[in-house]
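Step one of this worksheet: look at the structure below.
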Amino acid sequence: MAADGYLTGKLLIASPAIGDPRFDRALIYVCDHDDEHAMGIAINNPVEDLRLPTLFEQLGIESDIRVPDQAVLKGGPVDGGRGFVLHTPDFALENATLRVSGNICLTATRDVLDAMASDHPPQKAVLALGYAGWGPGQLEDELQASAWLVADPEEALIFDDQFADKWERALHQIGVNPAHLSAVSGHA
């Protein structure tokens with residue numbers, strides 16, 4: 001955890017003890033965490049058969065450029081019809097963009113989608129539908145139950161499209177061999 005005890009800007013890596021199939025092998029970038037709530041975006045679960053150009057067409061977003069053929073992510077089980085974009089800070093809107101950490105921002109307005117379809121898109125961006133959310137103390141309880149491992153995220157891991165092995169790569173970054181994880185947790 002950060003010095004203040006909150007996990008904003010950290011990466012949650014689901015352990016086999018997660019106990020919730022919606023988060024099996026999930027990687028969640030925590031965008032906001034305080035005493036009242038926590039909110040994050042899953043970064044390794046693409047929506048089946050939905051790519052960015054198709055979604056932009058469905059939303060009627062006109063493009064000045066060829067929109068990158070990248071996956072749209074399932075950001076989590078809450079508010080699945082709403083889009084959230086993790087992006088680099090070269091795009092920012094006052095009162096709409098949350099600077100989560102050094103080089104990662106979150107915007108949930110149509111303006112960021114318009115920017116992604118323009119001649120001046122954010123250098124890196126990923127669009128997710130929905131988010132993962134926790135009420136007061138809920139995430140802390142899950143951490144106590146060893147449901148999540150906490151890591152400092154690498155920007156490449158957040159924005160790359162190698163989804164099949166992203167969970168394993170995140171574990172390796174913190175020195176954990178996935179084969180050594182157990183679904184049974186305990187306390188010494």
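The values are calculated or read from the model by the stated rules, or taken from the named source; none is laboratory data. All values derive from a computational prediction rather than experimental measurement. Note: ideal-geometry Cβ built from the backbone for every residue, glycine included; neighbour counts use all protein chains shown. SASA here: full protein model, heavy atoms, side chains in, ligands and nucleic acids out. Shrake-Rupley method; radii C 1.70, N 1.55, O 1.52, S 1.80 Å.
Data table
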| quantity | calculated |
| --- | --- |
| Heavy-atom surface of region 8-165, accessible at 1.4 Å and reported per residue (Å²) | 49 Å² |
| Local net charge near R51, Cβ-Cβ under 13 Å (Lys/Arg +1, Asp/Glu -1) | -4 |
| Burial ranking of peptide ranges 39-52, 95-108 (average Cβ count within 10 Å, highest at the top) | 39-52, 95-108 |
| Carbon plus sulfur fraction of accessible area for region 1-120, probe 1.4 Å, in percent | 45 percent |
| Peptide ranges 133-142, 23-32 listed from the most packed, as the mean C-beta count within 10 angstrom indicates | 23-32, 133-142 |
| Cα gyration tensor shape of region 7-52, rounded if a/c is under 1.5, else prolate or oblate by comparing a/b with b/c | oblate |
| Pairwise centroid distance, computed over Cα atoms, of region 130-177 with region 1-76, Å | 11 Å |
| Dmax and Rg, reported as Rg then Dmax, of region 1-112 (C-alpha, Å) | 15.2, 46 |
